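*Asks:* Structure in structure tokens, see below.
The values are calculated or read from the model by the stated rules, or taken from the named source; none is laboratory data. All values derive from a computational prediction rather than experimental measurement. Don't worry about glycine lacking a Cβ; one is built from the backbone with ideal geometry, like all the others, and counts go over all protein chains shown. Please note that ligands, DNA and RNA were not included when accessible areas were found on the heavy atoms of the full protein model with its side chains. Shrake-Rupley method; radii C 1.70, N 1.55, O 1.52, S 1.80 Å.
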Amino acid sequence: MMKNFIKTVKVCLAAIGCSLLVSTPSQATFPILTTDVGLYTPTTIGNNLLLDACGTTVNGFSLCDLASYAAFRVRWDINGVRYARFRDFNNSNFDGAVADGLQLTVPTGLGTVFPTVGVYTIKLSVRILRSNITGVGTIALPNGTILNVSSNQHLTSNDTTTVNIVATPEPGTLLILLLALGFIGYRMNQRKAV
């Protein structure tokens with residue numbers, strides 16, 4: 001009886017080993033897309049703000065880790081107005097390839113989309129485009145999994161956050177403050193001496 005059990009275990013292990021050798025990457029019907037616009041600390045006006053889409057995931061993998069962006073479109077909106085959009089094919093009406101739009105350095109101050117101090121809304125929209133538009137039928141993940149792209153519908157995910165653009169005191173203002181504090185200290189020291 002023990003011999004039969006050991007023989008059965010060996011046959012099962014051999015079958016499992018053979019199936020691992022001939023297995024192919026798993027197929028998923030649709031990608032799972034989760035957009036993450038990120039969190040932003042207050043930014044001093046006049047400094048640059050880095051918009052970062054790398055928190056966005058496709059089936060758990062960062063968008064920035066994918067080898068190809070041919071099936072994707074990335075769009076950034078600031079205060080409800082399109083700031084920039086990116087895609088890899090037929091992008092003459094776009095601001096560049098998707099890789100260029102994953103991390104954007106945006107200036108703040110006069111003449112920019114952040115012209116004054118205040119709270120601004122930032123929206124990130126990531127779309128997996130229909131395969132009949134792009135000609136791309138699959139998305140390869142870093143682990144070898146191949147995702148099928150729908151031929152009849154886009155898959156879109158959006159995320160929104162806010163950023164606070166703040167002012168800093170001018171250097172001249174700080175100098176006057178330091179002089180005033182120094183004078184107050186000097187006067188207090190003279191009163192103690194009298």
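*Asks:* For the pair residue 130/residue 32, report the inter-label distance in nm, with labels modelled 7 Å from Cα in the Cβ direction.
*Replies:* 2.6 nm
*Asks:* How high is the FRET efficiency from residue 192 to residue 79, r the C-beta distance, R0 45 Å, rounded to 0.05?
*Replies:* On the way: r = 55 Å, r/R0 = 1.23.
FRET efficiency, residue 192 to residue 79: 0.20.
*Asks:* Related question: For residue 48 paired with residue 175, estimate the spin-label separation in nm (one decimal), with each label point 7 Å from Cα along the Cα-to-Cβ line.
*Replies:* Distance between the two pseudo-spin positions: 2.9 nm.
*Asks:* How many nm is it between the label spots at residue 167 and residue 103, if each spot is 7 Å from the Cα in line with the beta carbon?
*Replies:* 3.3 nm
*Asks:* Compute, for residue 123, the solvent-accessible surface of its heavy atoms (probe 1.4 Å) with the complete set of protein chains present, and express it in square angstrom to the nearest 10.
*Replies:* Residue 123 exposes around 70 Å² with every protein chain in place.
*Asks:* Continuing with this model, one more query. In what sequence, largest accessible area first, do 89, 183, 72 appear using a 1.4 Å probe?
*Replies:* Values: 89 45, 183 125, 72 0 Å².
From most exposed to least exposed: 183, 89, 72.
*Asks:* Would you please state which residues of the range 111-140 a label at residue 90 would reach in this model, taking the label point 7 Å out along Cα→Cβ and a backbone N cut-off of under 18 Å?
*Replies:* Counting backbone N atoms under 18 Å from the label point, the list is 127-138.
*Asks:* Can you list the residues, at least 5 places off or on another chain, whose amide H is less than 5 Å from the amide H of residue 83, using H built in the peptide plane?
*Replies:* Hits under the 5 Å cutoff: 76, 77, 78.
*Asks:* A further question on this structure: Taking amide H positions as placed in the peptide plane 1.01 Å from N, state which residues far from residue 106 in sequence (5 or more) or on other chains have amide H under 5 Å from it.
*Replies:* 49, 50, 51
*Asks:* How high is the FRET efficiency from residue 113 to residue 152, r the C-beta distance, R0 35 Å, rounded to 0.05?
*Replies:* According to the calculation, E is roughly 0.50.
*Asks:* Spelling out what I want: for every residue of the range 81-88, take phi, set θ = phi - 60°, compute 6.51 cos²θ - 1.76 cosθ + 1.60 (Karplus), and round to whole Hz; glycine and proline get x.
*Replies:* My calculation for the range 81-88 gives 10, 4, 9, 7, 9, 9, 7, 8 Hz in order.
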